[in-house]
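All remarks here apply to the structure that follows.
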Amino acid sequence: MNIEPLLDALDVQQDAARSLAEDLRTQIAELQGRLREAETHLEHLAITRKTVTALADRIPAGADSPDLPEHPDYPRILGVFNDATGPLRARDICEALDHELLPKNIEGTRAKLKRLVKLDVLTEVDAGSFTRKQ
């Protein structure tokens, strides 16, 4: 009995199965790479959502008003006033915003406070003392 043709047929099937297995391994490796990228992207989106949600609590109502100047300190300044129980000075705002207490920072903050008074957002109750407009 000659089994050579049978062994040849098995070799052909075995080669085809090896080739298919190698193609599938390659596809799996590519899919694993794409999966890692997608999972990383999901993690970044979750971190972004957490950050945005945490920051949303700090933005005072009306801070997105088109009347406010574009500088990032303005919403933060209003946030300090939202938490304040009385009038604040430029130095108090600098401390609350963790600005270094240098004359240039205090004067810059005072200028921002004066601008908010002109925009009718704050009131200067005494010289250098500001409160939120009622």
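The values are calculated or read from the model by the stated rules, or taken from the named source; none is laboratory data. Being a predicted model, the structure only gives us computed values, none of them experimental. All Cβ positions, even for glycine, are placed from backbone atoms using ideal geometry, and neighbour counts span all protein chains on display. Ligands, DNA and RNA are excluded from the accessible area calculation, which covers all protein heavy atoms including side chains. Shrake-Rupley method; radii C 1.70, N 1.55, O 1.52, S 1.80 Å.
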Solvent-accessible area per residue, Å², over the chain with all protein chains present [probe radius 1.4 Å]:
77
With springs only between Cα atoms under 10 Å apart, run a GNM on the chain and tell me which of V12, V121, V80 wobbles the most.
V12
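Taking a ≥ b ≥ c as the square roots of the Cα gyration tensor eigenvalues, with a/c under 1.5 meaning rounded and otherwise prolate when a/b beats b/c, else oblate, which class fits region 66-105?
Verdict is oblate for region 66-105.
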For region 27-118, which trypsin sites (Lys or Arg not before Pro) are both in a DSSP coil and crowded by at most 12 other Cβ atoms within 10 Å?
R58
So what are the ³J(HN,Hα) numbers for region 22-27, from phi and the Karplus equation (6.51, -1.76, 1.60; θ = phi - 60°), rounded to whole Hz, Gly and Pro as x?
5, 4, 5, 4, 5, 5
Over the chain, what is the relative contact order in whole percent, taking alpha-carbon pairs under 8 Å and six or more residues apart?
16
Taking the Cα centre of the chain as the origin and placing charges on Cβ (Lys, Arg +1; Asp, Glu -1), which of L116, L10, I47 is farthest toward the positive end of the dipole?
L116
Per-residue ³J(HN,Hα) for region 75-86, Karplus 6.51 cos²θ - 1.76 cosθ + 1.60, θ = phi - 60°, Hz, x for Gly and Pro:
x, 5, 4, 5, x, 5, 5, 5, 8, 7, 9, x
When the accessible area of region 14-134 is computed with all protein chains present and a 1.4 Å probe, what percentage of it is carbon and sulfur?
53
Along each of its three principal axes, how wide is the spread of alpha-carbon positions in the chain, in whole angstrom units, largest first?
114, 30, 23
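With +1 on each Lys and Arg Cβ and -1 on each Asp and Glu Cβ, how big is the dipole of the chain about its Cα centre, in debye rounded to the nearest 20?
1280
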